[in-house]
Amino acid sequence: MKRSVLGLFVVFVLGGAVFLSRGLGDQSSKNATSEGFRIKVEETNPFTSLKPNAGPEQFQFAVISDRTGGHRPGVFSKAVQQINLLQPEFIMSVGDLIEGSSVAKTNREQWNEFNSYVSQFQMPFFYVTGNHDSANSSLAEVWKEKYGRKSYHFTYKNCLFITINTNDDDGEYPKVEANFKKERIGKAQLARIAEAIKENPEVRHTFVFLHHPIWNNKDTVANGWDAFENLLGDRPSTVFCGHIHVFRKFVKKGRALYQLATTGGGSSMRGVEYGEFDQVAWITMKTGGPVISHINLEGIYKEDLSPFESTETGRETVAPKNLTRTYGTVTLQGKPGFGLLALFTEIPKEPKDKPYVGNARTTKTGSFEVFANRGAPGLRPGKYKVHFSPAPSLVIDPGVKPPENLVPERFRLAATTPLVVDVPEGNTASFAFELE
């Protein structure tokens, strides 16, 4: 009897040792084969698991952002080649795909050029309209001719995808030019969205794509955003937009809303810390929800590191001539002023003149270089008021307490700052500010 019990105990111990040495209990030959792997499984193994990170409901898609608004040559056409290397299942967009004009012939030519790149995608591409694409009667005519409706929805692997036209009145193709300037979701479009949501009550996730971040507008009742949010309710959902050409993540009512940077659009390209870089958003939909990342296109290479070729032209950006590269340092309470936004506001020579404004984030050493918004480095010669504020976070979440503003009050506004500098003509100018 004792010998039998001892034998069972030995079997139990050995079996437990084999189980523990494998790390996971699913690494039997049977499971290995059923999961797609064919490999010999021993008591100890040089792998952690044989369960692949995959499943019948898992998929990946990419989102491109603004190509235009001063598009730079060779960016989008190279992005097409880079996305093909990543092999998503499909690609979404957030509008501003062409520069646009008031002449239908020009608009058709620009769409033909854009589509010559899109046709190279190895996967489906879904158009979303921006103000550069359809916000005048000529653009609207050509959009309707080429793509039909401006807003639509579809489902994929039990996820709902909603696209929105944010240059909307109550109809798809407004006749009054002034209506194109309104950033909103019209009543007819809201009704269609409501029907799409009603028809898909049990989807795993809802993804939304629009051009303008209209949740930041002053009147979200009038522009339709509040009504749209009410339609979404508490269903799991994620929103993507463009337009501003600067990355920000917003959190509203527990929902993530991503304002993407650019995919070739006008930008000062100062880097990720400014939210100014060329990107695609990369979404992996898993059983528990989406996993979202942002890919800087500067880091995607061919397998042999050969360069991407492009003949894509760009829109010439007209920067003011004779800008002075402007640098500086900031000391705050005796220490380097890190994490500040320095703003230089020109004092116009004539009251009717529009002031030139430059901005810069300070580094850990308190240093900075001034750029215009979406523009070139430097300031045009003249007098400027200089004020400071905490640099805006790339994530805007009302549930997270913002850092304390340590900038003395008199330096916080252009109207009250005592700092006035004279930017001279020449190659460079440098200033040192002490905020005490």
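The values are calculated or read from the model by the stated rules, or taken from the named source; none is laboratory data. Just so it is clear, the structure is predicted and the values come from calculations on it, not from any experiment. Cβ placement follows ideal geometry from the backbone for every residue including glycine, while neighbour counts extend to all protein chains displayed.
Pick out the one residue from Thr363, Thr329, Thr345 that is surrounded by 14 or more Cβ atoms within 10 Å (Cβ to Cβ) and part of a loop (DSSP other than H, G, I, E, B).
Thr363
One line per residue, one yes/no per condition, for (1) out of contact with any strand residue (DSSP E or B) (no Cβ under 7 Å at 6 or more places or on another chain); (2) among the polar types (S, T, N, Q); (3) surrounded by fewer than 16 Cβ atoms within 10 Å (Cβ to Cβ):
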site	(1), (2), (3)
Leu190	yes, no, no
Pro201	yes, no, yes
Phe207	no, no, no
His211	no, no, no
Trp215	no, no, no
Asp219	yes, no, yes
Asn230	yes, yes, yes
Asp234	yes, no, yes
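Being crowded, with 20+ Cβ neighbours inside 10 Å and assigned to a loop (DSSP other than H, G, I, E, B) is the filter here, so list the residues in the stretch 56-71 that pass it.
Ser65, Arg67, Thr68, Gly69, His71
For Glu141, state whether it is of a type in the set (D, E, K, R), in the same structural domain as Lys198 (by TED's automatic domain parsing) and modelled with pLDDT of 95 or more.
No, not satisfied.
Go through the stretch 186-229 and report how many residues are assigned to a loop (DSSP other than H, G, I, E, B) and of a type outside the set (A, V, I, L, M, F, W, C).
The total comes to 14.
For the stretch 387-411, which positions are under 29 Å from Asn322 (Cα atoms) and not aliphatic (A, V, I, L, M)?
Across the stretch 387-411, the qualifying residues are His387, Phe388, Ser389, Phe411.
Taking into account only those residues within the stretch 230-247 that are assigned to a loop (DSSP other than H, G, I, E, B) and of a type in the set (A, V, I, L, M), which is nearest to the chain's Cα centre (by Cα)?
Val246
For residues that are under 25 Å from Pro381 (Cβ atoms) and in a helix (DSSP H, G or I), tally how many sit in the stretch 405-436.
Counting residues in the stretch 405-436 that are under 25 Å from Pro381 (Cβ atoms) and in a helix (DSSP H, G or I) gives 1.
Going by the conditions given, is Ile283 among the β-branched types (Val, Ile, Thr) and either farther than 14 Å from Ser65 by Cβ or in a loop (DSSP other than H, G, I, E, B) (or both)?
Spelling it out, it is not the case that Ile283 is among the β-branched types (Val, Ile, Thr) and either farther than 14 Å from Ser65 by Cβ or in a loop (DSSP other than H, G, I, E, B) (or both).
Yes or no: Leu257 among the hydrophobic types (A, V, I, L, M, F, W, C), assigned to a strand (DSSP E or B) and at pLDDT 95 or above?
Yes, satisfied.
What number of residues within the stretch 63-86 satisfy the criterion of being under 23 Å from His211 (Cβ atoms) and either free of Cβ contacts under 8 Å to residues at least 60 places away in the same chain or touching a Cys at 6+ places or on another chain (Cβ under 8 Å) (or both)?
Final tally of qualifying residues: 1.
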